[in-house]
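Notes follow the structure.
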Amino acid sequence: MSDIADLDISGAGSRRPQPAVMEGAAAPLTYAENTWCPGCGNFGILNVWKTLIDELADNGVPRERIVVVAGIGCHAKIADYLNLNTFYSLHGRTVPVATGIKLGNPELTVIAHAGDGDCYGEGLEHMLFAAKRNIDISLMVHDNGVYALTTGQYTPTSPRGFRGKSTPGGSAEQPINPLELAVAGGATFVARSYSRGAERLRQTMLDAVLHRGFSLVDILQVCATFNNLYSYYNERTFDMDDNDPSSRTDALNRIGEWTYGGDGRIALGTFYRSEADTFDGVFRDIDRSSFDREAAVRDLLARRV
Ligand SMILES: Cc1ncc(C[n+]2csc(CCOP(=O)(O)OP(=O)(O)O)c2C)c(N)n1
Ligand code: SF4
Ligand SMILES: [Mg+2]
């Protein structure tokens, strides 16, 4: 068996070429070819990261401690474009991978970039349990109301009547409101932003990452190809300046003012924020010294044989 020091970790032998890094090691982006469509809202989210890395460093989070976990979808390509420690996970499993990384090394700042199909569809229970546990990770959802990479099926946040590949006659379902679910589940930071408006998005993402506990930012990310909502969002979005983020009732009332795809005005900003024990903190503090895990596993295996 070869020694770990002999292993080739240069990437030269892997099938997927490692993207070169722009302008040296401290650059925010890589040279990986960007394959997002022109006008895609994902560019707005990627742009925020250009300054966010330095801002996090100024706030005590050096880039070597940041880990970005992505799902599978158009949103997930951000893992290739960011010059950070990144992990491409599975569709629907972004949150459990981020959870495992945080538990494995609580010193890391773990930020998950997920799609709306990814974490409000197949991975919904993971999102809810992360909220319930209040694990100290941040979840940035690129909510474009469509399964974009698979070319346009409806997702849990597509409005009733949405016409796509799987619903040519229009979706017959009401959309869910993921922010209501997150507050009900126990999330301690719940916000909504928009892929347009870099300053607002930057501030919300920064606040979410620096928050101690589970934070969800639902980013209204326009899919220019399969669900182009620029005019709809531009007309309806506004920044909240009169809400009380410490009040759960206030948060739920404000969140409920708009149904995805509905006629109401769309509030942007932080709806809810509170302090609570984090799962990773409690997990670390549990005294396991009196429990011989290996012996218990041996016993279990012996009983099965
Ligand atoms: C376990 C699993 N289920 C389904 C798929 C197929 N799949 C890949 S990407 C995708 C759609 C992604 O949609 P979303 O999460 O909303 O991301 P977007 O492409 O819109 O950014 C689906 C259904 C898969 N790759 N793996
Ligand atoms: S299909 Fe939509 S989400 Fe995917 S890259 Fe194109 S515009 Fe962006
Ligand atoms: Mg999507």
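Computed over neighbours whose Cβ is under 10 Å from that of Ser246, the net charge equals -1, Lys and Arg +1, Asp and Glu -1.
Here the relative contact order of the range 17-304, from alpha carbon pairs under 8 Å that lie six or more residues apart, stands at 17 percent. Counting other Cβ atoms within 10 Å as a rough exposure proxy, the listed residues Thr204, Thr249, Thr225, Thr270 run Thr249, Thr225, Thr270, Thr204 from fewest neighbours to most. The value for the chain of Rg(Cα) / (2.2 N^0.38 Å) is 1.06. Shown is the FRET efficiency for Glu235 and Glu64, computed with R0 = 41 Å from the Cβ-Cβ distance and rounded to the nearest 0.05: 0.45.
Remark: for residue pairs Lys77/Lys165; Lys77/Lys102; Lys102/Lys132; Lys132/Lys165, the C-alpha separation exceeds 24 Å in Lys132/Lys165.
Over the chain, dividing the summed -39,500 (n - 2.57) contributions of all DSSP H runs of at least 4 residues by the number of residues returns a 222 nm mean residue ellipticity of -9000 deg cm²/dmol. Using the Cβ-Cβ distance between Leu300 and Glu107 with R0 set to 41 Å, the FRET efficiency from 1/(1 + (r/R0)^6) comes to roughly 0.85. Of the residues Asp239, Asp116, the one with the fewest other Cβ atoms within 10 Å heads the list, and the complete ranking is Asp239, Asp116. The calculated FRET efficiency for Glu55 paired with Arg293, based on their beta-carbon distance and R0 = 35 Å, is about 0.30.
Basic side chains Lys and Arg get +1 at the Cβ, acidic Asp and Glu get -1 at the Cβ, and with that the dipole of the range 17-304 about its Cα centre reaches some 720 debye.
For the chain, a Gaussian network of Cα nodes joined below 10 Å ranks Arg163, Arg192, Arg93 by mean-square fluctuation, and the top entry is Arg163.
The residues Thr109, Thr94, when put in order of fewest to most other Cβ atoms within 10 Å, stand as Thr109, Thr94.
Bear in mind these aren't lab numbers, they're just calculated from the coordinates by the rules spelled out. All values reported here derive from a predicted model rather than from experimental measurement. All Cβ positions, even for glycine, are placed from backbone atoms using ideal geometry, and neighbour counts span all protein chains on display.
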